[in-house]
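K.L.:
Below are the structure tokens for one structure; questions will follow.
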Amino acid sequence: MKTDNDEGALVLFSGGQDSAVCLAWALARFGRVETVGFDYGQRHRAELDVRRDVRNGVAVAMPEGERRLGEDHMVDLGVLGEISETALTRESGIALRDDGLPTTFVPGRNLIFFSFAAAVAYRRDLRRIVGGMCETDYSGYPDCRDDTIKAMQLALNLGMDRRFVLETPLMWLTKAGTWRLAEDLGGRMLVEVVRERTLSCYLGDAETRHDWGMGCGGCPACDLRRRGYREYRGAADRA
């Protein structure tokens, strides 16, 4: 796989499945990769507790991963949680709102994430910013759409007078496709890191284990992950 050792990348890294695969994708392409996480008082904050273990596991699973992986940055965005009335920042039920969006939608979250990530990337002289946004198997969040990311890239480049590139390698993949990408990048070793160590559950259940990983098994994030993994395994078994 072609690698551009002259460029560095910053990966938005939560400790979940998608960000772990994005980290592997970046390590396969760029000579220097750093990560940034955001603590916004999320209900599923347990994912932040697994970040270090997942980060190390991905680096070990990838060729030259440990050499290419650089610093980790954590940004306190507690104010976002304070102003948000959502099922990800409050103890409230997960359901669909009248406008069709799920109550887990945190308005402006990804826009804020990219703004702060770009500020870190500016300081660290990193041009590529990698996020796990997806418009295929997702919950309908408008800030995950490809058009939103393209508009955000333009705004950041104009506002900071830089040539950032916002990379979204999962944008057009199903969840099964994300599992397959993990295998393509790092083989079964990376798939097992994602399955055993990452946490994507909206309720932050890091105790209950399933064949597809940890999680409550009932929230939309767990449902997407379960269906994707079983589709991926079914295709592998038929091959």
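K.L.:
Determine, yes or no, whether Met189 is part of a helix (DSSP H, G or I) and either closer than 22 Å to Val54 by Cα or in contact with a helix residue (DSSP H, G or I) (Cβ under 9 Å, 6 or more places away or on another chain) (or both).
P.N.:
yes
K.L.:
Checking the condition of a type in the set (Gly, Ala, Ser), under 24 Å from Val60 (Cα atoms), crowded, with 20+ Cβ neighbours inside 10 Å and out of contact with any strand residue (DSSP E or B) (no Cβ under 6 Å at 6 or more places or on another chain), which residue from Gly213, Gly131 passes?
P.N.:
On the way: Gly131 fails: out of contact with any strand residue (DSSP E or B) (no Cβ under 6 Å at 6 or more places or on another chain).
Sole residue among the options that is of a type in the set (Gly, Ala, Ser), under 24 Å from Val60 (Cα atoms), crowded, with 20+ Cβ neighbours inside 10 Å and out of contact with any strand residue (DSSP E or B) (no Cβ under 6 Å at 6 or more places or on another chain): Gly213.
K.L.:
Under the condition of being buried (at least 19 other Cβ atoms within 10 Å of the Cβ) and of a type in the set (Asp, Glu), which residue from region 29-47 is modelled with the lowest pLDDT?
P.N.:
Among them, the one singled out is Glu47.
K.L.:
Checking the condition modelled with pLDDT of 85 or more, among the β-branched types (Val, Ile, Thr), touching a Leu at 6+ places or on another chain (Cβ under 7 Å) and closer than 27 Å to Asp184 by Cα, which residue from Val60, Val54, Val50 passes? Don't jump to the end; show me each part of the working.
P.N.:
Values: Val60 fails: touching a Leu at 6+ places or on another chain (Cβ under 7 Å); Val54 fails: touching a Leu at 6+ places or on another chain (Cβ under 7 Å).
Selected residue: Val50, the only one of Val60, Val54, Val50 that is modelled with pLDDT of 85 or more, among the β-branched types (Val, Ile, Thr), touching a Leu at 6+ places or on another chain (Cβ under 7 Å) and closer than 27 Å to Asp184 by Cα.
K.L.:
Another question about this same structure. Just the residues that are among the basic types (Lys, Arg) and touching a strand residue (DSSP E or B) at 6+ places or on another chain (Cβ under 8 Å), please, taken from region 134-149.
P.N.:
none
K.L.:
Continuing with the same structure: Take the residues in region 1-28 that are at pLDDT 95 or above and surrounded by fewer than 21 Cβ atoms within 10 Å (Cβ to Cβ); name whichever of them is farthest from Glu71 (Cα to Cα).
P.N.:
So the residue we want is Ala28.
K.L.:
Can you tell which of Ala155, Ala118 is farther than 19 Å from Gly15 by Cβ, crowded, with 17+ Cβ neighbours inside 10 Å and free of Cβ contacts under 8 Å to residues at least 60 places away in the same chain?
P.N.:
Selected residue: Ala118, the only one of Ala155, Ala118 that is farther than 19 Å from Gly15 by Cβ, crowded, with 17+ Cβ neighbours inside 10 Å and free of Cβ contacts under 8 Å to residues at least 60 places away in the same chain.
The values are calculated or read from the model by the stated rules, or taken from the named source; none is laboratory data. A quick note: this is a predicted structure, and the numbers were derived from the prediction, not measured. Please note: Cβ atoms are built from the backbone with ideal geometry, for glycine as well, and neighbour counts cover all protein chains shown.
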